[in-house]
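*Asks:* This is the structure I have questions about; it appears just below.
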2 protein chains.
Amino acid sequence: MPFESVLIEGCFRPSLAPVGTYRAVSPVTGEPFGGEFPVSSFDEVDLAVRAGARAAAQLRELPPDIRADFLEIFAGLIERSAADLVDIAHRETGLPKEPRLLKVELPRTTAQLRMAAEAARERTWCRTTIDTKANIRSMFEPLGGPVLVFGPNNFPFAFNALSGGDFAAALAAGNPILAKAHPLHPGTSRLLAEAASEAVSRSGLPAAAVQMVYHFEDDAGLRLVAHPLVAASAFTGSRPAGLRLKEAADRAGKPIYVEMSSVNPVVILPGALEERPEAIARGLFESCTLGAGQFCTKPGLVILVKGPGADTFVESAASLFREVNPSVLVGRKVLETLARSVEELLGHGAELIAKGKPQDGPGFLFAPALLYVSGGAFLRSPLNMQTEAFGPVSFLVTAENLDELRAVVSGLEGSLTGSIYSRSGDEDETAYREVEPLLKQKVGRLLNDRMPTGVAVSPAMNHGGPYPATGHPGFTAVGIPASLLRFAALRCYDGVRPHRLPPELQNRNPNGRMWRLIDGEWTRRDL
Amino acid sequence: MPFESVLIEGCFRPSLAPVGTYRAVSPVTGEPFGGEFPVSSFDEVDLAVRAGARAAAQLRELPPDIRADFLEIFAGLIERSAADLVDIAHRETGLPKEPRLLKVELPRTTAQLRMAAEAARERTWCRTTIDTKANIRSMFEPLGGPVLVFGPNNFPFAFNALSGGDFAAALAAGNPILAKAHPLHPGTSRLLAEAASEAVSRSGLPAAAVQMVYHFEDDAGLRLVAHPLVAASAFTGSRPAGLRLKEAADRAGKPIYVEMSSVNPVVILPGALEERPEAIARGLFESCTLGAGQFCTKPGLVILVKGPGADTFVESAASLFREVNPSVLVGRKVLETLARSVEELLGHGAELIAKGKPQDGPGFLFAPALLYVSGGAFLRSPLNMQTEAFGPVSFLVTAENLDELRAVVSGLEGSLTGSIYSRSGDEDETAYREVEPLLKQKVGRLLNDRMPTGVAVSPAMNHGGPYPATGHPGFTAVGIPASLLRFAALRCYDGVRPHRLPPELQNRNPNGRMWRLIDGEWTRRDL
């Protein structure tokens, strides 16, 4: 039986001496289906890296509009193939076709590709800075080699290594992409690769500007992030894998952006608990079970203070969790890791206070669960209590009082998000002012009165945060144009003859739309 | 004999149980002089880190104008003590009082502190981004803990851990500073610490916002960059030390900015060699011997193509090097490392073509030297040939032709700067277009027709570059406000109630001067 082809240097071709094969598995039946996908050898990916390095040199000679054209054509082709994409993604991940895949994730993906296209055309992302007196001019430019993107398991389109946020950002910034598809949705990745390949041809991008392999072994990954010709890597996934890749890349002096884990603390202040315990409980339940809880920003830890409001909140939340049907998780490993994480939390002293309806089935079913621990018990082993349970599980921590709540917040590791619920009026203001400075230090995005699962693709978004949520607190993975800066190098031109400057640094604004910082003033004017 | 006091939590106090002591050494006589300075134990620095963490929380509550006041008062106090500072810095480093210390480095230092003050006041550095429709607002904020700054040996003022570029940037961004003075100029650092301490009191900064120890052992440094309460570190120095610190910080998930080594390639194209060989040779000689060659941007590698112009250039440069008196280096270790680096280069096949006048003396004297190798020999061991010789040494590589020159450039490691000299007219344009894309990938700053030692403190400057020149190609250590971003975290406020937003994110522009990116437009207007 022939294997599915990898996309290398513009061609779909059979994998050379794959080190293994695998098939997609239906999360509903637990059964494999479809074709055999190759696990590429290091040598095969090395060929792609070399081709990507040549493509980087070619890309330097092309105007950014070509990248923008590619991104827009690609978005259009994804829409053209929407029905097929949604069908295969549903079969591979178990995520609902509607609204999730068709109405939410696919439009988010194409919108993001088009925003990246606009950023590439408009060019403000380059942060051009011109000092006319000293004749020194600087801007962010492509890194000069392929960017290796590792896609996660939870978003087959919007974070796919071949169509998601990292892909769009790194390509818009002018870098060739070498995508490692996630093994849980190889067929989806294959369809996306076909669309990308067509868009490469139609836009005139170098053939090796977009390449994809389905899978490679962990050791190959460690070698690849440190590869002399790889410019940078982006990884979204588990903490153990992220830390290993980060260590390998760091040692080689290669930038790597890792998004690894996050419990996304939600603090509910006493006034809010008293005012609207049921509404907040419903918000938690919905946010926690959305997409079977498989979001990096799922509210995994809820911190509140004992009292009648807290009791009502806990009862409301528990009853919602008890009534819900089991969730289908995207893969067997996700199920196993989640079950193990919950066992670990229980082993450390957490109590199970509610669990969804049991249901036996052949697929990757998991009954959503609500866990509980006292503030005192949390504080006795705060790190163990922050074990991420990736899936439809949330963990309530009830503090004796606000001081204990603050101690719990002070013991948090870095997360992507942190929410604070407070009463509509100003009764919680004092408590807010005591908690906010502590929580803010631990998170990349602070929310008020809202659960964190919505991650708007806004220029003001930060989908990042302090370690170990990510590897560096200054970068965001969502939000264009800021996300492009992860894949760019600052370059300065000091006394360079005018005609040799890149167009963005010449006196004339290259498109009349780009914002440039000229002698301390942000302007779109020519110089 | 009592030891000199360390500056911890606002007080000059005797070091607690120092693990050793040392004295300054005159580079001119090689003899120690002045007081005994303590080598602090890890425990002592740990106390300072804890005090710094408390100061970080206090700083959050203070408006940025306090930091600006501090920086300006500090600059004024440095000027008031200029005569004493120049005197002790001269005695400790052997660098000339005039023009270097008094007329160049000290004014550069105070100007930099004042620019950082203006950046803190003006606040555009925060890169405030507001999406009014989604009500998502983000900005860069202080990291939330002390920044550990390791000063280098070569600039007792302008890169001093207690007054230099990293200090000014990290403090202006709102972080407490824990400075590790360089052991080669402890008395200078002591005087700067006195001025800083007075400025802390007068401005109203928290007492532990600026702390200093003179020295600690390497192991303590490795623990400190990974300390849970240290927010980030900045190091300028040798590659081996930088790599060890980087590894320790990376493992702990702590940002570290390392500036490690750079040969700063200078490419001289055939037309320029033909047109003005003597002038370029003089430029090289002056740039290479300025400050006894102890600049991170010293032109260490000169690449040219064989021919009559090259012969004249080499002869001119050689005759200048032969006539020069020995340089006084800042320390014995600098002398020993430089001598060893030159031996290594000679061992790898470089030839010594010129050497300054010999002179015996008790101090750290080194005769400037010009080395040579053919392009072919360079290409046989390109990494060995890029051994940094920190001091007044340059290394000429003569290629057979332009193809070989391009091969040499392709084999370069990352550097801070790269220069290309070409003929005044357009005779060298074709060659330039062939060489520039290769060189640009290897450097942070590209110069035309100029040596790289001038590093203007301009908003458009990039004093950074690809690994191993630094640890990340997206950051600069010189150039305000960009250098502040190294010491800041991106924070997002999503649906946060208006009165709880930081002033920079509220509808009203807090000072009417700050630039903010509001719905895609850079503006100073209120919202």
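The values are calculated or read from the model by the stated rules, or taken from the named source; none is laboratory data. Given the structure is predicted, the values throughout are model-derived calculations rather than measurements. Cβ sites come from the backbone with ideal geometry, for glycine too, and all protein chains shown count toward neighbours. For the accessible areas, the whole protein counts, side chains as well, though only heavy atoms, and no ligand, DNA or RNA atoms are used. Shrake-Rupley method; radii C 1.70, N 1.55, O 1.52, S 1.80 Å.
*Asks:* Can you check what the net charge comes to around A:MET461, using other residues whose Cβ is under 9 Å from the Cβ of A:MET461 (Lys, Arg +1; Asp, Glu -1)?
*Replies:* Here the count lands on -1.
*Asks:* What is the sum of charges around B:PRO2, taking Lys and Arg as +1, Asp and Glu as -1, for the other residues whose C-beta is under 14 Å from the C-beta of B:PRO2?
*Replies:* Value of the local net charge: +1.
*Asks:* Once you charge only the Cβ atoms, +1 for Lys and Arg and -1 for Asp and Glu, what is the size of the charge dipole of the protein assembly as shown about its Cα centre, to the nearest 20 debye?
*Replies:* 1000 debye
*Asks:* Assign one of three labels to the protein assembly as shown, namely rounded, prolate or oblate, based on the Cα gyration tensor with a ≥ b ≥ c the square roots of its eigenvalues; rounded applies when a/c is under 1.5, prolate when it is not and a/b is larger than b/c, and oblate otherwise.
*Replies:* Oblate, since a/c reaches 1.5 and b/c is not below a/b.
*Asks:* How well do other chains shield peptide A:472-485, expressed as the mean number of their Cβ atoms within 10 Å of each residue Cβ?
*Replies:* What the average comes to for A:472-485 is 4.
*Asks:* A:ARG190: net charge of surrounding residues, Cβ under 11 Å, Lys/Arg +1, Asp/Glu -1, itself excluded?
*Replies:* Counting the neighbours of A:ARG190, the net charge comes to -4.
*Asks:* Another question about this same structure. How much of the DSSP bridge set in the stretch A:153-297 is antiparallel, in percent, rounded to the nearest 5?
*Replies:* 0 percent
*Asks:* Indicate the gyration tensor shape class of the stretch B:331-486 (rounded, prolate or oblate), computed on the Cα atoms with a ≥ b ≥ c the square roots of the eigenvalues: a/c under 1.5 is rounded; otherwise a/b larger than b/c is prolate and the rest oblate.
*Replies:* Oblate, since a/c reaches 1.5 and b/c is not below a/b.
*Asks:* If you don't mind, there's one more thing I want to ask. Ranking request for peptides B:256-269, B:337-350: highest mean number of other beta-carbon atoms within 10 Å first, then the rest in descending order.
*Replies:* B:256-269, B:337-350
*Asks:* Give the peptides B:5-13, A:476-484 in descending order of average Cβ contacts within 10 Å, highest first.
*Replies:* The densest-packed peptide leads the list: A:476-484, B:5-13.
*Asks:* Which distances in nm, rounded to one decimal and ordered from shortest, link the label point of A:LYS133 to the equivalent label points in the other identical copies, with labels set 7 Å from Cα toward Cβ?
*Replies:* 4.0
*Asks:* Only bridges whose two residues both fall in the protein assembly as shown count here: according to DSSP, what percent of them are antiparallel, nearest 5?
*Replies:* Antiparallel: roughly 40 percent of the beta bridges in the protein assembly as shown.
*Asks:* Put the label 7 Å from Cα along Cα→Cβ for B:CYS11; what are its distances to the other copies, in nanometres, shortest first?
*Replies:* Label-point distances to the other copies, shortest first: 7.6 nm.
*Asks:* Please report how far the C-alpha centroid of the stretch A:163-213 lies from that of the stretch B:288-354, rounded to the nearest whole angstrom.
*Replies:* 48 Å
*Asks:* Right, another one. Just list whichever of A:LYS254/B:LYS440; A:LYS246/A:LYS333; A:LYS306/B:LYS254; A:LYS180/A:LYS442; A:LYS133/B:LYS103; B:LYS180/B:LYS333 have alpha carbons separated by over 24 Å in the model shown.
*Replies:* A:LYS306/B:LYS254; A:LYS180/A:LYS442
*Asks:* Per residue of the stretch A:449-463, what does 6.51 cos²θ - 1.76 cosθ + 1.60 with θ = phi - 60° give for ³J(HN,Hα)? Whole Hz please, x for Gly and Pro, Karplus curve as stated.
*Replies:* Each residue of the stretch A:449-463 in turn: 6, 7, 7, x, 5, x, 10, 5, 7, 10, x, 9, 5, 10, 10 Hz.
*Asks:* So, one more: So the label point sits 7 Å from Cα along the Cα-to-Cβ vector; using that for A:ASP426, what distances do you get to the other copies, in nanometres, sorted shortest first?
*Replies:* 6.9
*Asks:* Across peptide A:416-429, what mean number of C-beta atoms from other chains lies inside 10 Å of a residue's C-beta?
*Replies:* The mean count of partner-chain Cβ atoms within 10 Å per residue comes to 1.
*Asks:* For B:ASP166, A:ASP87, A:ASP219, give me the order by solvent-accessible area with a 1.4 Å probe, most accessible first, ignoring ligands, DNA and RNA.
*Replies:* Correct descending sequence by accessible area is A:ASP219, A:ASP87, B:ASP166.
*Asks:* Under 5 Å between amide H atoms, partner at least 5 residues away or on a different chain: which partners does A:ALA161 have, H built in plane at 1.01 Å?
*Replies:* A:GLY151, A:HIS182
*Asks:* Something else: Tell me, what ³J(HN,Hα) does each residue in the stretch A:187-201 have, in order and in whole Hz, if you take phi through Karplus 6.51 cos²θ - 1.76 cosθ + 1.60 with θ = phi - 60° and put x for Gly and Pro?
*Replies:* x, 4, 5, 4, 5, 5, 5, 5, 5, 5, 5, 5, 5, 4, 4
*Asks:* State whether the stretch B:191-270 is rounded, prolate or oblate according to the following rule on the C-alpha gyration tensor (a ≥ b ≥ c being the square roots of its eigenvalues): a/c under 1.5 gives rounded; otherwise a/b larger than b/c gives prolate, and the remaining case gives oblate.
*Replies:* oblate
*Asks:* So, one more: With charges set only on the Cβ (+1 for Lys and Arg, -1 for Asp and Glu), what does the dipole of the stretch B:47-136 come to about its Cα centre, in debye to the nearest 20?
*Replies:* 300 debye
*Asks:* If you don't mind, there's one more thing I want to ask. Just the number, please: carbon plus sulfur as a percent of the accessible area of the stretch A:348-505, 1.4 Å probe, no ligands or DNA/RNA counted.
*Replies:* Carbon-and-sulfur percentage of accessible area, whole number: 52.
*Asks:* A further question follows. Using only atoms on other chains, find how many Cβ atoms lie within 10 Å of each Cβ of peptide B:492-504 and report the average.
*Replies:* Per residue, the average neighbour count from other chains is 6.
*Asks:* Quick check on chain A: helices-only [θ] at 222 nm, where DSSP H runs of length 4 and up contribute -39,500 (n - 2.57) each and the sum goes over total residues. Nearest 500, please.
*Replies:* Calculated at 222 nm, the ellipticity per residue is -11500 deg cm²/dmol.
*Asks:* Out of residues 5 or more away from A:ILE177 or on other chains, whose amide H comes under 5 Å of its own, with H placed 1.01 Å from N in the peptide plane?
*Replies:* Result for A:ILE177 returns A:VAL147, A:VAL210, A:GLN211.
*Asks:* For chain B, give me the percentage of DSSP beta bridges that are antiparallel, rounded to the nearest 5 percent.
*Replies:* Expressed as a percentage, antiparallel bridges in chain B total about 40.
*Asks:* Tabulate in residue order the Karplus-calculated ³J(HN,Hα) for the stretch A:39-52, using 6.51 cos²θ - 1.76 cosθ + 1.60 with θ = phi - 60°, rounded to whole Hz; enter x for Gly and Pro.
*Replies:* Couplings: 9, 6, 6, 4, 4, 5, 5, 4, 4, 5, 4, 5, 5, x Hz.
*Asks:* Using a 1.4 Å probe and counting only protein heavy atoms, how much accessible surface gets buried when A and B come together, both sides summed, in Å² to the nearest 100?
*Replies:* The summed interface area works out to 5800 Å².
*Asks:* Using alpha carbon centroids, what distance separates the stretch A:408-435 and the stretch B:441-455, in Å?
*Replies:* 49 Å
*Asks:* Taking the Cα centre of the stretch A:322-471 as origin, sum charge times position over the Cβ atoms of Lys and Arg (+1) and Asp and Glu (-1), and report the length of that vector in debye to the nearest 20.
*Replies:* 540 debye
*Asks:* Amide H to amide H, which residues 5 or more places from B:ARG445 or on other chains are under 5 Å from it, using H placed in the peptide plane?
*Replies:* Sorted by chain and number, the residues that satisfy this are A:CYS492, B:THR417, B:GLY418.
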